[in-house]
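Trainee: Below: one structure in structure tokens.
The values are calculated or read from the model by the stated rules, or taken from the named source; none is laboratory data. Quick caveat, the model's predicted, so the values are computed rather than measured. When we count neighbours, we look across all protein chains shown, and the Cβ atoms used for this are built from the backbone with ideal geometry, even at glycine.
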Number of protein chains: 2
Amino acid sequence: MNRKKVTLGIEIGGTQTSFGLVDISGNCYIESKIPTKANESPEALFERLYKKFNKVYKGESNKYELLGVGIGAPSANYYKGTVEYSSNLNWIYVNIIDLAKKYFDLPIVIANDANAAALGEMKFGVAKKMKNFIQLTLSRGFGSGIVVDGNIVYGSDGFAGEIGHTIVEKNGRSCGCGRKGCLETYVSVGGLVRTYYELLSKINETSVLKEFSPNQINADLVLRAAKNGDKLAISAFEYTGQILGEALANVVAYLSPEAVILSEGLAAAGDLLLNPTKHHMEKNMLNLFQGKVEILLSGLVKGNVAILGASALSWHNIQKNK
Amino acid sequence: MNRKKVTLGIEIGGTQTSFGLVDISGNCYIESKIPTKANESPEALFERLYKKFNKVYKGESNKYELLGVGIGAPSANYYKGTVEYSSNLNWIYVNIIDLAKKYFDLPIVIANDANAAALGEMKFGVAKKMKNFIQLTLSRGFGSGIVVDGNIVYGSDGFAGEIGHTIVEKNGRSCGCGRKGCLETYVSVGGLVRTYYELLSKINETSVLKEFSPNQINADLVLRAAKNGDKLAISAFEYTGQILGEALANVVAYLSPEAVILSEGLAAAGDLLLNPTKHHMEKNMLNLFQGKVEILLSGLVKGNVAILGASALSWHNIQKNK
């Protein structure tokens, strides 16, 4: 029997670590996950991970030819194979590749989750034919992966692509990074809620959201209200799209991408976010670029975005080194 | 006799078009130039250019082996070989490569002047060992060339690298591009003079510059005054460095370069500009990047920056295609 060529994608997240085997067409097999425990050592996490992997893989191993391992993790460094100062994982400095090599005698590659997601879009999603695009994950944080000429931009130290931490508003909202006015404080799940508060302070408008205390409110509630026509909630998405569109106009001047792809979190809002983003991007863009750049929703809708992205990391490396 | 391997670098500028032969070490030979005439057709310009080139090259041709031609021009498109809508040249759409091929039966490559300058720094200047850096030319405009992984970023349409036209101040200064608040309106030769006016409006300070009418004032006068300790002039450079440093903090978050290289125009100010730029870049930068990025002055001090850059374009292409 011909064994199916696959790579193993592993996504280490703040609350769970998931994995799966992915073939070159983006089909995912033996997908599974374990919880990521706060304050657990990376060694202990990998031991549990491998145990779980073995359990689901054992009976199936004759079906697959495992070519490589791709790992996505917050604050991961592609060049060094490390995770450094990850606030999500409480890890100071871990060489993930060394750790993973104890379990897998295969080519192993690691990158931060947003970069992995970008490669996922390029291998399996809406960026299949693109060589220059920007991938944004708009969930708890604002992650970004920049693709130039078919490759992720890692920069001189492996940490390029921190678009979420560009300052878009001088003396703006306080950011977890210690500075003020970062794009992430406006365009993220938490940023949307902060915008809702800002609008409460600025405009008088009835809203179903006023039933909820600050301890109850979240982005899902704002999204549901907006979809039901709540004006205040719609305004919150319009303002979010304005800030994002203005920022993208600058991104385009730097990099002239074919498209900007939105995934996770706020991307679920669809046109509620896309329309104001497009409008303000075009309005603020240099003529040269007007009408050229698409804003798209992620094409990784069928599978687990994180696993597909991590696996794509490995596929990309295999194909590059051929 | 062994003939010296060289490429021909041609820089088409708004007022003059210069050329020279450059060897792989950056030595420049038979350098010469002709005026660029306003409203002259590109065909007529190339005819005059070739006539001049032939005149200086004829007696020397046995000394050189000409490997290729590199052309730098404003609004040039690397992919298409064209100059499009160049406000400096009054040309709507010209295929420069087709035009140059009538005269030179050699590989010909074209890029905008700032991208050519970036390759010049990489081949012959301070970026010799760098694979990720940003090159800025701070003269009449704010030109920029972005180098990622040893290659210029041209983007999807060949027009990437317009950092001068990112908006850094909402509703800021009017820009020639029709929008407001572009970086170029603050950080350029003209931007410095505008900053001088802004400071006149904001602070009370004696200054030798107050002798000059707006028709007389220029960046050179402001620079000379600053070098002589004039406080208002020094403040103008400090503000320029602040705006540039804030913008660079964002550039670093995108691309994580090893260095930012300043050349032409305002770069002549040296520490008067470098010091505030460094200070404000570090102050506004994500911790992750602090202390990692150098700000350097151009290393192309020996020769004509424009010719070296244009020639480097050709050298880069020859080496890439080997």
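Trainee: Which of the residues belonging to region A:287-311 are over 24 Å from B:A160 (Cβ atoms) and assigned to a helix (DSSP H, G or I)?
Mentor: A:V305, A:A306, A:I307, A:L308, A:G309, A:A310, A:S311
Trainee: Is it fair to say A:G143 is surrounded by fewer than 24 Cβ atoms within 10 Å (Cβ to Cβ) and not assigned by TED's automatic domain parsing to the domain that holds A:V22? Let's see the steps before the verdict.
Mentor: On the way: surrounded by fewer than 24 Cβ atoms within 10 Å (Cβ to Cβ): no; not assigned by TED's automatic domain parsing to the domain that holds A:V22: yes.
When the stated conditions are applied, A:G143 does not pass them.
Trainee: Among residues belonging to region B:194-246 that are under 19 Å from B:G181 (Cβ atoms) and among the polar types (S, T, N, Q), point out the one that is surrounded by the most Cβ atoms within 10 Å (Cβ to Cβ). Spell out the reasoning first.
Mentor: Residues of region B:194-246 that are under 19 Å from B:G181 (Cβ atoms), as a first pass: B:194-199, B:201-202, B:236, B:239-246.
Within this subset, residues satisfying the condition of being among the polar types (S, T, N, Q) are B:195, B:201, B:240, B:242.
Numbers: B:T195: 23, B:S201: 6, B:T240: 27, B:Q242: 20.
Filtering region B:194-246 for residues that are under 19 Å from B:G181 (Cβ atoms) and among the polar types (S, T, N, Q), the one surrounded by the most Cβ atoms within 10 Å (Cβ to Cβ) comes out as B:T240.
Trainee: Test B:E294 against the stated conditions and say whether it is closer than 30 Å to B:P107 by Cβ, of a type outside the set (K, R) and within 14 Å of chain A (Cβ to nearest Cβ).
Mentor: Spelling it out, it is not the case that B:E294 is closer than 30 Å to B:P107 by Cβ, of a type outside the set (K, R) and within 14 Å of chain A (Cβ to nearest Cβ).
Trainee: Could you tell me how many of the residues in region B:41-86 are in a strand (DSSP E or B) and either under 26 Å from the mean Cα position of the chain (by Cα) or exposed (fewer than 15 other Cβ atoms within 10 Å of the Cβ) (or both)? It would help to see each step written out before you state the result.
Mentor: Applying the first criterion (in a strand (DSSP E or B)) to region B:41-86 yields B:64-72, B:76-77, B:82-86.
Going one step further and asking which of them are either under 26 Å from the mean Cα position of the chain (by Cα) or exposed (fewer than 15 other Cβ atoms within 10 Å of the Cβ) (or both), we end up with B:65-72, B:76-77, B:82-86.
Number of matching residues: 15.
Trainee: Counting only residues that are in contact with a helix residue (DSSP H, G or I) (Cβ under 9 Å, 6 or more places away or on another chain), within 12 Å of chain B (Cβ to nearest Cβ) and not aromatic (F, W, Y), how many does region A:210-258 have? Walk me through how you get there before you give the answer.
Mentor: In the first step, residues of region A:210-258 are kept if they are in contact with a helix residue (DSSP H, G or I) (Cβ under 9 Å, 6 or more places away or on another chain); the result is A:210, A:212, A:214, A:217-228, A:230, A:232-257.
Filter once more, so that each one left must be within 12 Å of chain B (Cβ to nearest Cβ): A:242-243, A:245-257.
Still in the running and not aromatic (F, W, Y): A:242-243, A:245-253, A:255-257.
Qualifying residue count for the region: 14.
Trainee: Specify which of the listed residues (B:K102, B:K63, B:K51, B:K131) is on the phi < 0 side of the Ramachandran plot, basic (K, R) and within 14 Å of another protein chain (Cβ to nearest Cβ).
Mentor: Values: B:K102 fails: within 14 Å of another protein chain (Cβ to nearest Cβ); B:K63 fails: within 14 Å of another protein chain (Cβ to nearest Cβ); B:K51 fails: within 14 Å of another protein chain (Cβ to nearest Cβ).
After applying the criteria, what remains is B:K131.
Trainee: Within the group A:S41, A:S18, A:S25, which residue is in the same structural domain as A:N115 (by TED's automatic domain parsing) and free of Cβ contacts under 8 Å to residues at least 40 places away in the same chain? So that I can check it myself, show each step before the final result.
Mentor: Values: A:S18 fails: free of Cβ contacts under 8 Å to residues at least 40 places away in the same chain; A:S25 fails: free of Cβ contacts under 8 Å to residues at least 40 places away in the same chain.
Only one candidate passes the filter, namely A:S41.
Trainee: A further question on this structure: Of the numbered conditions (1) within 14 Å of chain A (Cβ to nearest Cβ); (2) buried (at least 24 other Cβ atoms within 10 Å of the Cβ), B:L138 satisfies every one except a single condition; which is it?
Mentor: Just one mismatch for B:L138, condition (1).
Trainee: Any residue at all in region B:262-279 that's among the basic types (K, R) and within 14 Å of chain A (Cβ to nearest Cβ)?
Mentor: no
Trainee: Related question: Inside region B:1-40, can you point out the residues that are among the hydroxyl-bearing types (S, T, Y) and either in a loop (DSSP other than H, G, I, E, B) or surrounded by fewer than 17 Cβ atoms within 10 Å (Cβ to Cβ) (or both)? Walk me through it before giving the result.
Mentor: Taking region B:1-40 and keeping what is among the hydroxyl-bearing types (S, T, Y), we get B:7, B:15, B:17-18, B:25, B:29, B:32, B:36.
Residues satisfying the conditions are B:T15, B:S25, B:Y29, B:S32, B:T36.
Trainee: Regarding B:N304, is this residue on the phi < 0 side of the Ramachandran plot and surrounded by fewer than 20 Cβ atoms within 10 Å (Cβ to Cβ)? Break it down into steps so the answer makes sense when it comes.
Mentor: Numbers: on the phi < 0 side of the Ramachandran plot: yes; surrounded by fewer than 20 Cβ atoms within 10 Å (Cβ to Cβ): no.
It is false that B:N304 is on the phi < 0 side of the Ramachandran plot and surrounded by fewer than 20 Cβ atoms within 10 Å (Cβ to Cβ).
Trainee: So which residues in region A:280-291 are crowded, with 17+ Cβ neighbours inside 10 Å and either within 11 Å of chain B (Cβ to nearest Cβ) or of a type in the set (S, T, N, Q) (or both), if there are any at all?
Mentor: A:N284, A:M285, A:L286, A:L288, A:F289
Trainee: Now, a different point. Taking the stated definitions as given, is A:E282 charged (D, E, K, R) and in contact (Cβ under 8 Å) with a residue 60 or more places away in the chain? Let's see the steps before the verdict.
Mentor: Details: charged (D, E, K, R): yes; in contact (Cβ under 8 Å) with a residue 60 or more places away in the chain: no.
So A:E282 fails the test.
Trainee: Filter region B:114-127 down to residues that are in contact with an Asp or Glu (Cβ under 8 Å, 6 or more places away or on another chain) and of a type in the set (K, R), then give me how many there are.
Mentor: Here the count works out to 0.
Trainee: Looking at (1) in a helix (DSSP H, G or I); (2) more than 17 Å from A:V260 (Cα to Cα); (3) within 18 Å of the chain's Cα centre (by Cα), which is the only condition A:I318 fails?
Mentor: (3)
Trainee: Continuing with the same structure: Sort out which residues of region A:145-168 are more than 8 Å from chain B (Cβ to nearest Cβ) and in contact (Cβ under 8 Å) with a residue 40 or more places away in the chain, and write them in order of number.
Mentor: A:V147, A:I152, A:V168, listed by residue number.
Trainee: Still on this structure: Of the numbered conditions (1) over 22 Å from A:V251 (Cα atoms); (2) within 14 Å of another protein chain (Cβ to nearest Cβ), A:N90 satisfies every one except a single condition; which is it?
Mentor: (2)
Trainee: Another question, if that's okay. Which condition does A:V305 not pass, out of (1) closer than 22 Å to A:V168 by Cβ; (2) modelled with pLDDT under 95, if it passes all the others?
Mentor: Single failed check for A:V305: (1).
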